[in-house]
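Visitor: Handing you this structure, nothing more for now.
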């Protein structure tokens, strides 16, 4: 597992993939930050809308990170080396997941620089930045990000084409996110409860108010777990043919 | 020891491997011979645990490979048909990765150095794999399979795409590996298995149609006694003289004339070498031999013969 983790980290930073992800995601998030705080029509230090926008941007950015994961191994037939090695399939899946998560965490850490101005210029703001809300949002971003990565890895097990894998990932993510908005339009109580329960976005909102919701934490962690488990299953099933 | 019992693998409605059983002892060098699509790669992929069998079992040292996949995979080094190489790594980086992946206990520097020396890739250790020639890529793949010193080495069509010179080098490598390891290699080239293997398994349409030590394989196939000879002399008379030699089965001549010489293909049966006798007869008449060479039996000949044999025995033997 450690071997595959190290190899993946190496691949992220010897190919342009890792740099492109970090550079583009950081640029766009800095831009989004500026627009939602200082340069908004009503300058504010409230970061809630910034983090909400980040979640939606991650739908585009995180699949870049995971699209090659297993697709590329299958395309170049290196999966034959991995799956005949003494490492278990679960170990391979987790190694790949952790490496993508590491790159994502690097992004989150670097994006914290965005927050410096609102602290540096507290006096000029009408309201002080709320640390609880910011920490809650960062946690939520990390949890949502790990779900997205698990879904991306699952999608990459389905195809040997990384572009297809990326499109599948974005498709799944959009459905999971937009269920929340569909929910607003329909009027069936039963469906509403179900939709609210599975909506990634719905769970996110409580964090944006700075409320630490244990049910949401468990939801995100289990969603991540489920997709990693499904990835492992895909290979077991494929082996059986 | 590898024990395979009524192994089958189905893809959709087709059986790629159909009820195959064999036993391979320690230190054997076994050639899996068959045309494309005979089920060689599928068999090898099942031996290495990359594919699961539809039915049947594979045991290594008496343990089913699916009971303890981790332990049995450590005993096997596998080179698939297409070497599983990461093109953007250097040779050293790749081998280090495989070393870690296989949870190998040997000291990395020494072990990899030794293997690189064995397959002669020490000079290219810092080159990117994508910049290597086909032959070198193949060697890096073999090096990967050798890491961890596995007792069993499985090579799937290892000489495809190599130059004749590299093929000869490769054969001597396999022979030296055979001293310490059990080697299973697949190929569709008959002369290759005859050159390196101690035993030949012939596969066709998912079944094993022959399982013989290389030495006795010739007799099974029978038709190996064939050579081509160029003789200066009148075509008809030479042909009649050749036919008159005891145990000659057939003499064919393509009729192409080179000076006053013709080329004949002679088939004979039995174990007595008729070439001396032929030389003496021709010398008596003053018809010199200008050239003579053995004609290699092709895989097709083997199949024709094996299928004939099987029919003679009243059904396929498998």
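Visitor: Take B:229, B:91 and order them by how many other Cβ atoms sit within 10 Å, fewest up front. Mind dumping the intermediate values first?
Guide: On the way: B:229 22, B:91 26.
Ranking B:229, B:91 by Cβ neighbours within 10 Å, fewest first, gives B:229, B:91.
Visitor: When a/c reaches 1.5 or more, the comparison of a/b and b/c decides; with that in mind, is the stretch B:17-83 rounded, prolate or oblate per its Cα gyration tensor?
Guide: On the way: a/c = 1.39, a/b = 1.32, b/c = 1.06.
Rounded.
Visitor: Turning to a different aspect of this structure: Give the calculated FRET efficiency between residue A:6 and residue B:284 to the nearest 0.05, with a Förster radius of 60 Å applied to their Cβ-Cβ distance. Show your work: numbers first, answer last.
Guide: Details: r = 77 Å, r/R0 = 1.28.
Efficiency for this residue pair is about 0.20.
Visitor: Can you give the angle from 0 to 90° between the axis of helix A:2-14 and the longest principal axis of chain A, with both taken from C-alpha atoms, to the nearest 10?
Guide: For helix A:2-14, the angle is close to 60 degrees.
Visitor: Within 10 Å of each Cβ of B:92-98, how many other protein chain Cβ atoms are there on average?
Guide: Working: counts 0, 3, 3, 0, 3, 6, 4.
Taking the mean over all residues of the peptide, I get 3.
Visitor: Relative contact order for chain B: what percent, with Cα pairs under 8 Å and sequence separation of 6 or more?
Guide: On the way: 555 pairs, mean separation 62.0, N = 318.
Contact order relative to length: 19 percent.
Visitor: With the crude spin-label approximation of a point 7 Å out along Cα→Cβ, what separation in nm comes out for residue B:176 versus residue B:87?
Guide: For residue B:176 paired with residue B:87, the spin-label model returns 3.1 nm.
Visitor: Taking the Cβ of each residue in B:111, B:181 as the centre, tally the other Cβ atoms inside 10 Å and list the residues starting with the fewest.
Guide: Working: B:111 18, B:181 21.
Sorted ascending by nearby Cβ count, the order is B:111, B:181.
Visitor: Can you give me the distance in nm between label points at residue A:230 and residue A:40, each placed 7 Å from the Cα along the Cα-to-Cβ direction?
Guide: Rounded to a tenth, the inter-label distance reads 3.4 nm.
Visitor: If you don't mind, there's one more thing I want to ask. GNM, chain B, Cα, under 10 Å: largest mean-square fluctuation among B:233, B:255, B:34?
Guide: Of the options given, B:255 has the highest mean-square fluctuation.
Visitor: Let me ask something else about it. On full extension of the chain, what length is gained from residue A:237 through residue A:161, given 0.36 nm per residue of separation minus the C-alpha to C-alpha distance?
Guide: Details: separation 76, 0.36 × 76 = 27.36 nm, distance 1.93 nm.
Taking residue A:237 through residue A:161 to full extension adds about 25.4 nm, to one decimal.
Visitor: Still on this structure: Give the angle, between 0 and 90 degrees and rounded to the nearest 10, that separates the Cα long axis of helix B:164-177 from the longest principal axis of the Cα atoms of chain B.
Guide: 60
Visitor: So for the pair residue B:66, residue A:15, with labels modelled 7 Å out along Cα→Cβ, what separation do we get in nm?
Guide: 3.3
Visitor: Relative to the first principal axis of the alpha-carbon coordinates of chain B, what is the inclination of helix B:275-285, with its axis defined by its Cα atoms, in degrees from 0 to 90 and to the nearest 10?
Guide: Helix B:275-285 sits at roughly 30 degrees to that axis.
Visitor: Sorting check: for A:44-51, A:142-149, B:281-288, which peptide has the highest mean count of neighbouring beta carbons within 10 Å, and how do the rest follow? Display every interim value, and only then the final one.
Guide: Details: A:44-51: 19.9, A:142-149: 24.1, B:281-288: 13.4.
With the highest mean Cβ count within 10 Å placed first, the list reads A:142-149, A:44-51, B:281-288.
Visitor: Does a label point 7 Å from the Cα of residue B:105, set along Cα-to-beta-carbon, have any residues of the stretch B:72-87 with amide nitrogen under 18 Å, and which are they?
Guide: Correct set: B:72-77.
Visitor: Here's a follow-up. Note the full-extension length gain between residue B:114 and residue B:291 as 0.36 nm times their separation in residues minus their Cα-Cα distance, in nm to one decimal.
Guide: Values: separation 177, 0.36 × 177 = 63.72 nm, distance 4.53 nm.
Contour length minus the Cα-Cα distance gives 59.2 nm.
Visitor: What is the distance in Å between the Cα centroid of the stretch B:94-164 and that of the stretch B:12-30?
Guide: For the stretch B:94-164 versus the stretch B:12-30, the Cα centre distance is 26 Å.
Visitor: Further question on the same structure: Looking only at B:156, B:68, B:19, which one moves most when chain B is put into a Gaussian network model with springs between Cα atoms under 10 Å?
Guide: B:68
Visitor: Expressed as a rounded percentage, what relative contact order does chain A have, with Cα pairs under 8 Å and six or more residues apart?
Guide: On the way: 274 pairs, mean separation 62.9, N = 241.
Result for chain A is 26 percent.
Visitor: A further question follows. Shape call for the protein assembly as shown from the C-alpha gyration tensor, a ≥ b ≥ c root eigenvalues: rounded (a/c under 1.5), prolate (a/b greater than b/c) or oblate?
Guide: Working: a/c = 3.26, a/b = 2.73, b/c = 1.20.
Here the protein assembly as shown falls in the prolate category.
Visitor: Between B:274, B:147, B:24, find the one with the highest GNM mean-square fluctuation for chain B; connect C-alpha pairs within less than 10 Å.
Guide: Highest fluctuation among the options: B:274.
Visitor: Something else now. Just check the stretch B:47-185 against the gyration tensor rule for me: Cα atoms, a ≥ b ≥ c as the square roots of the eigenvalues, rounded for a/c under 1.5, and otherwise prolate or oblate depending on whether a/b exceeds b/c.
Guide: On the way: a/c = 1.73, a/b = 1.45, b/c = 1.20.
Prolate, because a/c is 1.5 or more and a/b exceeds b/c.
Visitor: Sticking with this one: Quantify how strongly other chains surround peptide B:78-87 by giving the mean number of their Cβ atoms within 10 Å of each of its Cβ atoms.
Guide: If you average over the peptide's residues, the count of other-chain Cβ atoms is 5.
Visitor: Moving on to the next point. Take each of the peptides A:1-11, A:177-187, average the number of other beta-carbon atoms within 10 Å over its residues, and list them starting from the highest.
Guide: Values: A:1-11: 18.6, A:177-187: 13.1.
Listed from highest to lowest mean packing, they are A:1-11, A:177-187.
Visitor: Can you grab the distance from the C-alpha centre of the stretch A:52-116 to the C-alpha centre of the stretch B:248-308, Å, no decimals?
Guide: Taking the Cα centre of each part, the stretch A:52-116 and the stretch B:248-308 sit 65 Å apart.
Visitor: Taking the Cβ of each residue in A:212, B:22, B:78 as the centre, tally the other Cβ atoms inside 10 Å and list the residues starting with the fewest. Intermediate values should be presented prior to the final figure.
Guide: On the way: A:212 13, B:22 16, B:78 26.
Going from sparsest to densest Cβ surroundings: A:212, B:22, B:78.
Visitor: Report, as an integer, the average count of C-beta atoms from other chains found within 10 Å of each Cβ along A:81-93. Let's see the in-between values first.
Guide: Values: counts 16, 3, 8, 15, 14, 14, 6, 2, 1, 0, 2, 1, 0.
Average per residue, whole number: 6.
Visitor: Give the calculated FRET efficiency between residue B:260 and residue B:191 to the nearest 0.05, with a Förster radius of 30 Å applied to their Cβ-Cβ distance.
Guide: That gives a FRET efficiency of 0.35.
Coordinate-derived values only; no laboratory data. The structure displayed is predicted, hence computed values, not measured ones. Please note: Cβ atoms are built from the backbone with ideal geometry, for glycine as well, and neighbour counts cover all protein chains shown.
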